Amino acid sequence: MALRIGRSRLPELLAQAGMTQTQLARRLDVSDAFIHKVVKGDRHLSLTKSKEAAIILDCSIDDLYEWVDEQGKRW
């Protein structure tokens, strides 16, 4: 089964962590605009930045996005 990246879960993870997009951007050493694009779904974090974000947000890499299969089912 092939999965693809779906919706970013960053907004809810940031809220749980009490952190803003700007704070996450600074900790990841990326621009605010880039994080905004990730949240909108226009861009994705690299594997390295995903790992860093997961550590910062105390979650797994899988938690950063919804995952969608070929039939559109969310995982």
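The values are calculated or read from the model by the stated rules, or taken from the named source; none is laboratory data. What you see is a predicted model, and the numbers here were worked out from it, not measured in a lab. Cβ placement follows ideal geometry from the backbone for every residue including glycine, while neighbour counts extend to all protein chains displayed. To get the accessible areas, we keep the full protein, side chains included, count just its heavy atoms, and leave off ligands, DNA and RNA. Shrake-Rupley method; radii C 1.70, N 1.55, O 1.52, S 1.80 Å.
Excluding residues fewer than 8 places away in the same chain, name every one of the lysines whose C-alpha is closer than 19 Å to that of residue 37.
49, 51
Using DSSP to call loops (not H, G, I, E or B), can you name the trypsin sites (Lys or Arg not before Pro) in the chain whose Cβ has at most 12 other Cβ atoms within 10 angstrom?
Values: sites: 4, 7, 9, 26, 27, 37, 40, 43, 49, 51, 73, 74; in loops: 9, 43, 73.
Loop-located and lightly packed - 73.
Enumerate the aspartates and glutamates that residue 73 could reach by cross-link, defined here as Cα to Cα under 17 Å, with residues fewer than 8 away along the same chain left out.
Partners within reach: 62, 63.
Quick one: if you stick a label point 7 Å off each Cα along the C-beta vector at residue 20 and residue 4, how many nm between them?
Label-label distance for residue 20 and residue 4, simple model: 3.4 nm.
Over the chain, what is the relative contact order in whole percent, taking alpha-carbon pairs under 8 Å and six or more residues apart? Could the numbers behind the result be given before it?
Details: 82 pairs, mean separation 34.5, N = 75.
Relative contact order for the chain comes out at 46 percent.
Work from the charge dipole of the chain (Cβ charges, +1 for Lys and Arg, -1 for Asp and Glu, about the Cα centre) and give the residue of 17, 60, 33 farthest towards its positive end.
Farthest towards the positive pole: 33.
Provide the per residue accessible area, probe 1.4 Å, for the chain, rounded to a whole number of square angstrom. It would help to have the intermediate numbers written out before the result.
On the way: 4870 Å² over 75 residues.
Heavy-atom accessible area per residue stands at 65 Å².
Let me spell out the model: positive unit charges on the Cβ of Lys and Arg, negative unit charges on the Cβ of Asp and Glu, origin at the Cα centre of the chain. What dipole size does that give, in debye rounded to 20? Let's see the in-between values first.
Working: 12 positive and 11 negative charges, 37 e Å.
With Lys and Arg at +1 and Asp and Glu at -1, about 180 debye.
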